[in-house]
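Working notes for the structure below.
Read the figures in this text as sums done on the coordinates, not as results from a lab. These figures come from a predicted structure and were not determined experimentally. No Cβ is skipped: glycine too gets one built from the backbone with ideal geometry, and neighbour counts run over all protein chains shown.
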């Protein structure tokens, strides 16, 4: 057997955990993969870490997205609008990172600072005492559908728990879900996608830790739908960023990808099955705690 520069058992075990978090749709899975590469496996090439993180995130989505689709938890117009602006941001971010964050001493503090700031924002949104009316509406819609699914498993048929597109225009798209309506502006989403993909590719993660707060706290969509939609929205920029790193001749350890990819697959099959039973506020808290701890770890 070929001598490996990493512990394959640690790589597999950590990737199962990272894959589970990736597939939960709350963000942080790609960051956990980065933690594993830097601190658990001791890989010293930040450019390879960025590329492999994103390959693993793409693998995760291959297995988790079909499950979310069967659960009818993806808002396709929102995902498409995000995909319009994301590829250019991902390519630009990969180029910037390759040229200006190619040293681990530069990469670690940027990685930590960005993650901690996002975590603080999510924590504030999850536990603010006076959420906006729109935020309460989104949370209530998630809870109604979650309860309907629990009732359905007891023999009661759920109703109104699939998102429907009511209208599409260049300046507004309206979605009906769980008895309420939710709007977004496609151009604003595309612009946000560019920035999010640039930052995500710069630190070498998919950007779920940015997309989830963007959709849940800026666009004010129900977290029940955000989980699956965010995963789909990031598939295009992930692929664009990985191809950009390959085009820039970044070395990739394909043995590492193969071993970790199998662990990611297992974790990614479990995440969507458990996610739908978690309370909206608890899911946001879970995301914030994980990200804040990781950010402080790298800053300290």
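Extension gain, residue 69-residue 165: 0.36 nm per intervening residue step, less the Cα-Cα distance, totals 33.0 nm. Pair-distance distribution of region 8-299: all C-alpha pairs, bin width 10 Å, starting at 0; shares per bin in whole percent are 7, 30, 37, 19, 6, 0.
Neighbour counts of other Cβ atoms within 10 Å put 181, 57, 143 in the fewest-to-most order 181, 143, 57. Taking 0.36 nm per residue of separation and subtracting the current Cα-Cα distance, fully stretching the chain between residue 40 and residue 7 would add 11.0 nm. Distance from the alpha carbon centroid of region 175-243 to that of region 259-274 works out to 21 angstrom. Principal axis extents of the Cα atoms in region 41-121, from largest to smallest and rounded to whole angstrom, are 43, 28, 27. Given a Förster distance of 25 angstrom, what is the FRET efficiency for residue 140 paired with residue 17, based on the Cβ-Cβ distance and rounded to 0.05? In this case the efficiency is close to 0.20.
Alpha-carbon geometry of region 19-80: the Rg and the Dmax are 13.6, 41 Å, given in that order.
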